[in-house]
Amino acid sequence: MSSASAPPPLEPSAGDIAAGILGWARREPVSALLLALSVGVLVYFFGFYRIFMNGAQSAVEWTYRGWNQENDQVHCWAIAPVMLIILWLRRAELRAVPKVPSARGMFFIVAGIITYVMSVRCLQPRFSIVAAPLIVYGTAEFLGGRAFARIFIFPCLLFLFMIPVGGIVQGTVSLQLLASGAVGKICSLLGIHVQIIGTTITVDGHPFEVAGGCSGIRSLMAMTMLSALYVYFVLRRPWQRFLVFGCSVLFALVGNVARLFTVVLVAKWWSPEIAGGLYHDYSGFVFFPIAVLAMVGFGNFVSRDWSHTGSRIAKTLNTPDTEHAPQEESDGSGEKKPAGPISYDY
């Protein structure tokens, strides 16, 4: 008699999660009060406390205004929903993990408060964005313990990709020199005559300036964010995650150099006006997906189980080749003798 298999556990619905939160608040009123106060303080000081830009903008307003076309960071508005989706996908784990409050969380909370005060005193709103994940993680660990707070690590790290890079783009001289120098080396190797002076590439008398936005910093920011999401959802081993994430920087820089090199080719053999205008504006939509696919392919390469591949190769090498081995022939007396060499008629 076969026993019936147990039905799979049902995923908690939104109503179940709300009921669980209310039940937790009744059981732990002090922790619930601390959580409510933390949320209120975060909302006020980050959303309504206007201290930046001569008291005209709060940290959230300044950050939102920095996600514009000029900085190529319009995609940043999607980071907060992605963080919530990640927590929603792990809602069953958030409910099941044992809640053991840890006083170590106060260290991160205090560090976040100090960082925010520094941002106010220095009038540097970017520091306030760094303070937010410290406070969120510290609150999670203080109320739920290390195992509970560990689920918040990656969503908190995504906060860093929300930092507008408008001011950082102005300090990318080293990246600009690296990109122009790499294009010059490639042209010299292929025998294409160009003149490189600093960040200016001159092609047949037509100068092309490698500006801050063309240095690769913007594609670098987008690539690292996509790479972080890819390694989080696809890869499982820590060394694979760090390796692919680190190499994503290389893929972004190589893709940007390849794009600048094609601009030189278009300017030399087609039209400098098209190279500096239409092609320059839209070539990024071609090379950035190629860089992303290269990152995904590299992740697939490092995540393969090469032990089975090695065993299959060894088995193939050790297996005798019976298909082309000489067959034995019978001479009519019952004795077998090796077959003679195969002859070919041409």
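Return the residues of region 223-244 that are open to solvent by 20 Å² or more (accessible area, probe 1.4 Å) and not aromatic (Phe, Trp, Tyr); say none if nothing qualifies.
Hits for region 223-244 are 225, 226, 229, 234, 236, 237, 238, 241, 243.
Return a yes/no flag: does region 43-50 have any residue that is part of a helix (DSSP H, G or I) and more than 30 Å from the chain's Cα centre (by Cα).
Among the residues of region 43-50, at least one is part of a helix (DSSP H, G or I) and more than 30 Å from the chain's Cα centre (by Cα), which makes the answer yes.
Pull up region 272-307, narrow it to residues that are of a type in the set (Gly, Ala, Ser) and at pLDDT below 85, then point me to the one that is most open to solvent (accessible area, probe 1.4 Å).
Ranking the candidates gives 307 first.
Is it the case, given these coordinates, that residue 183 is surrounded by fewer than 18 Cβ atoms within 10 Å (Cβ to Cβ) and of a type outside the set (S, T, N, Q)?
The answer is no for residue 183.
Residue-wise test of (1) touching a helix residue (DSSP H, G or I) at 6+ places or on another chain (Cβ under 8 Å); (2) open to solvent by less than 80 Å² (accessible area, probe 1.4 Å); (3) at positive phi; (4) in a helix (DSSP H, G or I).
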site	(1), (2), (3), (4)
85	no, no, no, yes
99	yes, no, no, no
112	yes, yes, no, yes
115	yes, yes, no, yes
132	yes, yes, no, yes
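Residue by residue through region 128-152, note down the ones that are over 20 Å from residue 88 (Cα atoms) and aromatic (Phe, Trp, Tyr).
Result: 142, single match.
Filter region 195-204 down to the residues that are in contact with a Ser or Thr (Cβ under 8 Å, 6 or more places away or on another chain) and surrounded by fewer than 19 Cβ atoms within 10 Å (Cβ to Cβ), then identify the one that is farthest from residue 250 (Cα to Cα).
Step by step, filter region 195-204, then rank; the result is 195.
Sort out which residues of region 245-256 are within 23 Å of residue 201 (Cβ to Cβ) and surrounded by 20 or more Cβ atoms within 10 Å (Cβ to Cβ), and write them in order of number.
The answer is 251, 252, 253, 255, 256.
The values are calculated or read from the model by the stated rules, or taken from the named source; none is laboratory data. Just so you know, these numbers come straight off a predicted model, no measurement behind them. Positions of Cβ are backbone-derived with ideal geometry, glycine not excepted, and every protein chain shown enters the neighbour counts. Heavy atoms of the whole protein, side chains included, go into the accessibility calculation; ligands, DNA and RNA do not. Shrake-Rupley method; radii C 1.70, N 1.55, O 1.52, S 1.80 Å.
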